[in-house]
Amino acid sequence: MQIQDQVKLRNIHLWSVEDYHHKIENGLLTHDDRVELLEGIVSHRSPKGVSHVIISRWIAEQFRERLGEGYYLITQDPITLAEQASEPEPDITIVRGSMFDYIEHHPYPEDILLVIEVADSSIEIDKKIKMPIYAKPRIQDYWVVDIKTKEITIYRQPLEDSYQQVQVAKEHDILGPLALPEITFQVKDLFPQGT
């Protein structure tokens, strides 16, 4: 289901990625606005609780320690999905190359190896609204980390606006990114003690 189908307003103006960038460049939207573009709609991002922040940082550190040369990890920064009129800001994204490959543009779908969203109150948004947005441009590997259940839902094999393979990984299950099979974790190790 597209996000526009869930909005019960008439005569709304849907923005393109170019419209969105233009508003940012002209100061009409700022970092303080805490928004992201999802299928042409400027959407407020959920506030992040302490557990969300700590788990996001912890997972990012676990990956950074293991990523080799030729890969770059970004946190809570935009990725550009122009055909979907979207510029979400995932909690964690692993891309090809280095930071200097993204001086003139945010990562595009072909640059992206893994997208991770960490969810507490945003679980429905991440699974029902963002999932098809990531599937349409064929992002191969999408994970939703559920803080409450301490499970990770892994979406793979994108087809149209969904994923053909969906797996829920729990405590002792081993998982790793499709594009980097040498990096593996036990699910429980991605949740720091005390969270």
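Some notes on this structure:
- Span from the segment 106-148 Cα centroid across to the segment 154-189 one, whole angstrom: 12
- Projected label points at R34 and R64, each 7 Å from Cα along the beta carbon direction, are separated by 2.3 nanometres.
- Lys/Arg +1, Asp/Glu -1 at C-beta; segment 48-190 dipole; positive extreme among T153, L114, Q140: T153
- Contact order for the chain, expressed relative to its length and based on alpha carbon pairs under 8 Å spaced 6+ residues apart, stands at 16 percent.
- Ranked list, fewest to most other Cβ atoms within 10 Å of each Cβ, for I112, I103: I103, I112
- Estimated FRET transfer efficiency (Q193, Q76; beta-carbon r; R0 30 Å; 0.05): 0.80
- Ranking of E65, E104 by neighbouring Cβ atoms within 10 Å, starting from the fewest: E104, E65.
No lab work stands behind these numbers, since they all come straight from the coordinates. Everything quoted here is computed from the prediction, not taken from an experiment. Reconstructed Cβ throughout: ideal geometry from the backbone, glycine too, with neighbour counts over all protein chains shown.
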